[in-house]
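Note sheet for the following structure.
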Amino acid sequence: MSEWRKLPLSLTELCIDTTLRCGQSFRWQKINDEWNCVLHGRLLSLKQDESFLHYKVAWPKSSPTSRKSAVSPKEMGDVDIQQGDDTEALIRHYFSLKHDLAALYDQWSESDTNFKKKAPKFTGIRILSQDAWETLVAFICSSNNNISRISQMVHKLCLHYGPLIGHIGDEAFHDFPSPQALTGKKVEAHLRELGFGYRAKYIAETALIVSNTKPEGWLESLTNPENPGWAPVSIPVRDEPITYKKAHEELLLLTGVGPKVADCVCLMGLGWNEAVPVDTHVWQIAQRDYRFGKTKTKTFSKAMYDSVGDHFRQIWGPQAGWAQSVLFTANLKSFSEKAGAVSKSVDIKVEVKAETESEPSFIVRHSRKRRTTAIVEQVKVENDEHSDVKITGRKRRKTRR
DNA sequence: GCCGCACCTAATCA
DNA sequence: ATGATTAGGTGCG
C-alpha cells in the first residue's frame, strides 16, 4: 500500500463522514478512523481532518482477470510509477470536486428559506460520481429496504461475484461484479438464498438484459456528456444527443427499475444533476415543508412523482439533485441529533381546496394538453418548523392531536 | 393513466 | 409477546 497522500479540502467542501453514509454508496467501510472501499480495481483508504483529505491506495498483486473492463491495460501497466496521480484524479472525479459546493449552498439558500434553515447543520454533502452499473444494481436492491440491509446485500454481491482486490487485516475487499459476472444460470436462486428476496430476480434479469441485449457501453452512453464517467469505455454513437429525460426513460425498461431507482442512477451514476429521486422521505419533505398536501390515495402515482421533481427543479435549478440530497440527509433519522428529537409534523387536514388561495396549487398535467386532475393540493400548514419560535432547552415536541 | 395489492426480510413500534 | 408497520419501490392486474 502506498504512503498517505493528502489533498487540501475543507469540511465545508466535502464531509466524507456524511457523504459516505447518507445512502448514496453502500460499500464504504469505516475501520477505526478510516473509510475503505474498492474503487476501479484498487483499494482506497480515506481519512479527513479540517483542512485535508488524506488517502492511500493498494493495488492487487496480480491483475484481476475476471473483470477486464474495470481497469484499462494502460492503468494496470504503469500503476507502479504513477498510481498517486491517477488516484488523486479518481478521488476528484468520485467526489465530483469540480463543483464549488459552498457556492451552490449559497445559491440554494438564496432561493429557498427552508434550505437556508436546514443546511447549516449538514454541510459538505456532495453527490458522488459512481460507476453506473454499480449504482443501478445497488438501487435495485434499495426498494422497500433500509441502508443497513442494502449495504449487506451489496457486500454479498461483491464477495460472491466480484474480483478480490486486497485485504485490510483479515478482511477481504472485492470490487463490484461486472454485468457478465451476474448472468449465470443459478444467480437468481443463489441471491434468494443470500436473502435478496424478490430483488434477486430483478438483478439477474437486469444483468442479462444489459449483458446480452444491449451493445457494449450502452449504460455508459446514457451519461451526461458534461460529466463523463471515469472508466474509459467506448461509447456507442447515438442518433440523438442524450438528455436526462431520455436516459431516465431508457432505464425504466430494465426489470426492477421504476422512476425512483432510475433517478438515483441518473443522479449518482450518470451525472444528471437535475435528477431528483423521490422516495418516501422526499415525499414527506415535500408534504411537510413545501406545501404538498396529503392525498386521498394510498399509493404514489407517476404523475405525483413527476410533479414533486419538477417543483424542486423549479426551486433549486439545474443541480436540484444535489440540494435534494442535503435535505434528504437532514431528514434521515440516523442523522438527527438524537433519535426522536426530530419533531413530527402537524397532521395536515386536506380538503379539496375550496378557496382560491394566493398560493398556487400543484397541478398535474397529463401528457397531452389537458390540465386535469389536481392530485396534489396545496394546503395551509401552520408549520412551527418555520415559525420563529425559539426553543432553547431540550428536545422540542410538536403538538400532537 | 390511476389505483391497490403482493412482494423478501428484519428491525421497530404499539 | 405478537401482529402491524416501516424501511430511500416496483410489477401486475
Does any residue of the range A:121-131 turn out to be charged (D, E, K, R) and within 16 Å of DNA strand C (Cβ to nearest atom)? yes
Among A:226, A:240, which is over 12 Å from residue A:136 (Cβ atoms), surrounded by fewer than 20 Cβ atoms within 10 Å (Cβ to Cβ), modelled with pLDDT under 95 and charged (D, E, K, R)? A:240
Output the residue which, of all residues in the range A:192-218 that are over 22 Å from the mean Cα position of the chain (by Cα), part of a helix (DSSP H, G or I) and within 12 Å of DNA strand B (Cβ to nearest atom), is surrounded by the fewest Cβ atoms within 10 Å (Cβ to Cβ). A:193
Of all residues in the range A:262-297, which are among the polar types (S, T, N, Q) and within 15 Å of the chain's Cα centre (by Cα)? A:273, A:280
Unique residue being closer than 25 Å to residue A:259 by Cα and more than 16 Å from DNA strand B (Cβ to nearest atom) when the list is A:182, A:164, A:157: A:182
Could you run through the range A:8-39 and say how many residues are surrounded by 19 or more Cβ atoms within 10 Å (Cβ to Cβ), under 16 Å from residue A:96 (Cα atoms) and away from DNA strand C (no atom under 16 Å from the Cβ)? 3
Run residue A:259 past the list (1) over 14 Å from the mean Cα position of the chain (by Cα); (2) on the phi < 0 side of the Ramachandran plot; (3) within 13 Å of DNA strand C (Cβ to nearest atom) and report the number of the one that doesn't hold. (1)
Need a quick list: helices (runs of 4 or more DSSP H) entirely within the range A:81-158 having at least 3 residues that are farther than 30 Å from residue A:300 by Cα. A:101-111
If you go through A:286, A:247, the only one that is away from DNA strand C (no atom under 13 Å from the Cβ), surrounded by 19 or more Cβ atoms within 10 Å (Cβ to Cβ) and more than 24 Å from residue A:206 (Cβ to Cβ) is A:286
Would you mention how many residues in the range A:175-191 are surrounded by fewer than 21 Cβ atoms within 10 Å (Cβ to Cβ) and closer than 20 Å to residue A:34 by Cα? 0
Write out, first by first residue and then by second, each pair whose Cβ atoms fall under 7 Å of each other, whose residues are 6+ apart or on separate chains, and whose first residue, in the range A:319-334, is surrounded by fewer than 23 Cβ atoms within 10 Å (Cβ to Cβ) while the second is of a type in the set (Ser, Thr, Tyr) and not in a helix (DSSP H, G or I). none
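The values are calculated or read from the model by the stated rules, or taken from the named source; none is laboratory data. Just so you know, these numbers come straight off a predicted model, no measurement behind them. Here the Cβ is made from the backbone with ideal geometry for all residues, glycine too, and neighbour counts use every protein chain on show.
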